[in-house]
Amino acid sequence: MLRNITDLRGYTIRATDGDIGTVKDFYFDDEDWTVRYLVADTGGWLSGRQVLISPLSLGQPAFVDRLLPVALTKAQVMGSPEIDASKPVSRQHEAALFEYYGYPYYWGGAGMWGIGGFPGTLTPEGRIEGAMAARWTRPDPDDDVHLRSADVIIGNHIHGSDGDIGHVQDMLVDDHTWAIRYLIVNTSNWWLGHQVLLSPRWVDSVTWPERVVTVGMSRHAISHGPRYDSGAQFTRQEEQALYRHYDRPNYWTPRDEGRAVDRG
């Protein structure tokens with residue numbers, strides 16, 4: 001199911017032996033547009049320390065209770081590598097985190113999560129093998145990683161082929177794969193405050209310093225496209241209508257992917 005990413009903020013993260021803290025932010029990969037980590041604010045338990053929680057650790061969410069269970073103990077979280085939320089997360093830091101928890105690396109495979117398309121494809125057996133392989137397959141220091149905070153993309157301006165479209169108000173994330181499926185765009189500057197959805201696959205470039213997302217779509221095409229109602233569940237039928245309107249291939253049919261992103 002698709003979830004508004006800002007609605008997930010504040011969810012309680014519960015270990016097998018107690019609460020860890022609450023969701024404060026998300027780090028996503030700006031190439032695959034996939035949430036790689038939840039940032040947990042541990043509050044008074046660890047003196048406000050923030051820790052990274054991989055979707056690989058998540059169990060079945062309890063959305064009614066705003067609860068995300070994880071297959072970790074509080075002691076494991078306490079001993080995990082520390083992060084500085086004000087600095088980028090390096091590949092070396094990710095490797096240290098994955099080795100600590102005994103997970104195989106998600107990068108380098110053909111799928112969104114290593115060999116597969118969702119976190120569960122990295123099985124417990126694969127985690128053991130991955131932890132052993134990690135001793136021999138260290139990340140290249142020049143292996144650049146582009147993890148962005150959700151706060152960095154929200155509020156960015158959307159530029160179309162013939163003018164401004166609006167700004168990113170939120171994102172819809174798939175709670176199974178943790179892929180960001182859509183940017184929720186507020187068009188209040190020119191179209192009476194309507195919301196529309198644009199897939200990250202349709203992004204031509206992102207200029208991060210200027211906070212500008214460029215898509216090759218006209219204002220006319222968007223104004224005649226499906227509107228998004230944040231108060232209603234977004235169905236697969238509505239998704240199909242969206243892709244038909246823009247004449248774009250959908251994400252649930254396998255295909256080769258390619259994106260041009262200005263690293264700026």
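What to note about this one:
- The chain: angle of helix 236-246 to the longest principal axis, Cα-based, in degrees nearest 10: 50 degrees
- Tilt relative to the chain, helix 124-134 - C-alpha long axis, 0 to 90 degrees, to 10: 80 degrees
- Distance between the stretch 16-41 and the stretch 189-208 - C-alpha centres, whole angstrom: 24 Å
- Within the accessible surface of the stretch 1-113, defined with a 1.4 Å probe on protein heavy atoms only, the carbon and sulfur portion equals 50 percent.
- Exposure of Ile154 as accessible area (Å², to 10), given a probe of 1.4 Å and all protein chains: 40 Å²
- Probe 1.4 Å, accessible area per residue of the chain, Å²: 47 Å²
- For Asp174, neighbours were defined as the other residues whose beta-carbon sits under 10 Å from its Cβ, and their charges (Lys and Arg +1, Asp and Glu -1) total +1.
- Helical contribution to [θ] at 222 nm, DSSP H n ≥ 4, -39,500 (n - 2.57), averaged over the chain, rounded to 500: -4500 deg cm²/dmol
- Ligands, DNA and RNA aside, Met78 has an accessible area near 100 Å² when probed at 1.4 Å.
The values are calculated or read from the model by the stated rules, or taken from the named source; none is laboratory data. Every value quoted in this text rests on a predicted model; they were computed, and no experiment measured them. We place every Cβ from the backbone using ideal geometry, glycine too, and count neighbours over all the protein chains shown. Note: accessible area is taken over every heavy atom of the protein model, side chains too, but ligands, DNA and RNA are not part of it. Shrake-Rupley method; radii C 1.70, N 1.55, O 1.52, S 1.80 Å.
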